[in-house]
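I have placed the structure first, in the form of structure tokens, so that the comments after it can refer back to it.
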Amino acid sequence: MTGAFPYYYGDDVIALNNQAAKLLMRFTERGYSREEPSILQPAEIFLDRSGEEIRRRTFTLSDPSGRELCLRPDLTIPICKHAVDVKAQLPARLCYNGLAFRYQPNRPTRPVQFFQAGVELLGEPDAAKGEAEILDLAFGAMKQAGLDDFEMRFGDLALFGALVDQLDLPAHWRARLKRHSWRPGYVETLLTRLGQGGAPAPSRAQIVARLDAVGNAPAAGRTREEIVERAMEQAAEAASLKLDPAIAGAITKLFGISGPATGALAEIRALLKAAGIKLDAPLAAMDARLKTIAALGVDLSRVRFTAHFGRNMEYYTGFVFELWSKDAEGPVQVAGGGRYDTLMETLGAGKPVTAIGCALRTERMLVARKFKGGA
């Protein structure tokens, strides 16, 4: 199972099929119905929602009519889109097993297609109950595969979101901070600027020179002068913004917290208390989450919290996690998921729909099992 276009044969095929069958049986026994989205999907539903990391790794093509399509880089989005289109009864429990496709720009020998199994829980009103159910399924899948010594890494975008909501900033700036919270370095740079009062606004001549340098042309029906005026307004607003440097510094320090979950949570509490920031609800949710993880039989010494952790899909909104094992090359991520409570609305749902899921990289699970000496 190596190379950019892997070929499976013999025992590998049997092992993958058997593993998939066991996973799907486990999911269906818990009330999850199997879905099989088309491999070819409308490109826009991914390109508008997945984030830059996935956009640049998506294979796109056009059909004879000129419609832009793509090979599905992910199965969550098409499954959610179908649930919206058919007005699925909620809560909906859906599962899948199939190929996904992603270009690997920095690892040309890694497969561009891979098998992915997973579960999606849509519309469960009790967030804690939904998290416990998905974690139970994910942990059970790992143990079923013989990978019961896995490590867990998790973060909580909702914690940062709650903090940002307390900042004295325009709504679109708060949204910008939240949207890019998982990008290392981006938010820290922005916070530094805000703590210093923003950069001086460029002059009209400087903005025009920048447009000339990139060959900017009028877009979306706007004239060049309208583009210049809008750029000047945005620059002036950015220059006028200023955060309390102590608050900006506390947020930056928060992003630096990473370690064993119980210790990290204590460190977060101490940091927020020193900065005079109260985030009782998200901290209580993290306490409850750790109790759930322990109750599901996972040793908390193998659970790590990382504040600057959001996975590479922009649709995640809250609790996010990854499960790691080992193969011959070292640590390898074999599962991951989290909350994406706004995705259904962006796909056309008429009202908010809670959502949480988990994807399993089944080939990685098989290789890790073999590395441990499993059959």
> In region 94-103, is there at least one residue being surrounded by 12 or more Cβ atoms within 10 Å (Cβ to Cβ), under 18 Å from the mean Cα position of the chain (by Cα), in the same structural domain as PRO352 (by TED's automatic domain parsing) and without any contact (Cβ under 8 Å) to a residue 12 or more places away in the chain?
Replying inline: no
>> Just to be sure I understand, how many residues within region 301-317 are in a loop (DSSP other than H, G, I, E, B) and among the hydrophobic types (A, V, I, L, M, F, W, C)?
In response: 3
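Let's see how each residue does on (1) touching a Phe, Trp or Tyr at 6+ places or on another chain (Cβ under 7 Å); (2) among the small types (Gly, Ala, Ser); (3) not assigned by TED's automatic domain parsing to the domain that holds CYS80:
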{"position": "LEU290", "(1), (2), (3)": "no, no, no"}
{"position": "THR317", "(1), (2), (3)": "yes, no, no"}
{"position": "TRP324", "(1), (2), (3)": "yes, no, no"}
{"position": "VAL332", "(1), (2), (3)": "yes, no, no"}
{"position": "GLY338", "(1), (2), (3)": "yes, yes, no"}
{"position": "MET344", "(1), (2), (3)": "no, no, no"}
{"position": "LEU360", "(1), (2), (3)": "no, no, no"}
> Which numbered condition trips up ILE134, out of (1) surrounded by 22 or more Cβ atoms within 10 Å (Cβ to Cβ); (2) over 24 Å from SER258 (Cα atoms); (3) among the aliphatic types (A, V, I, L, M)?
Replying inline: (2)
> Going through region 118-173 one residue at a time, which ones are more than 24 Å from ARG26 (Cβ to Cβ) and out of contact with any helix residue (DSSP H, G or I) (no Cβ under 8 Å at 6 or more places or on another chain)?
Replying inline: PRO125, GLY155, GLN166, ASP168, ALA171, HIS172, TRP173
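Here are some residues: VAL298, VAL320, VAL332. Which one is within 21 Å of the chain's Cα centre (by Cα), hydrophobic (A, V, I, L, M, F, W, C) and either surrounded by fewer than 19 Cβ atoms within 10 Å (Cβ to Cβ) or part of a loop (DSSP other than H, G, I, E, B) (or both)? Spell out how you get there, then give the answer.
Values: VAL298 fails: within 21 Å of the chain's Cα centre (by Cα); VAL320 fails: either surrounded by fewer than 19 Cβ atoms within 10 Å (Cβ to Cβ) or part of a loop (DSSP other than H, G, I, E, B) (or both).
Matching residue, one of VAL298, VAL320, VAL332: VAL332.
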>> Quick check on my filter: what residues within region 17-32 are charged (D, E, K, R) and either within 17 Å of LEU366 (Cβ to Cβ) or touching a Leu at 6+ places or on another chain (Cβ under 9 Å) (or both)?
In response: LYS22, ARG26, ARG30
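The values are calculated or read from the model by the stated rules, or taken from the named source; none is laboratory data. Note that the coordinates shown come from a computational prediction; the quantities given were computed from them, not determined experimentally. Note that each Cβ is placed from the backbone with ideal geometry, even for glycine, and that neighbours are counted across all protein chains shown.
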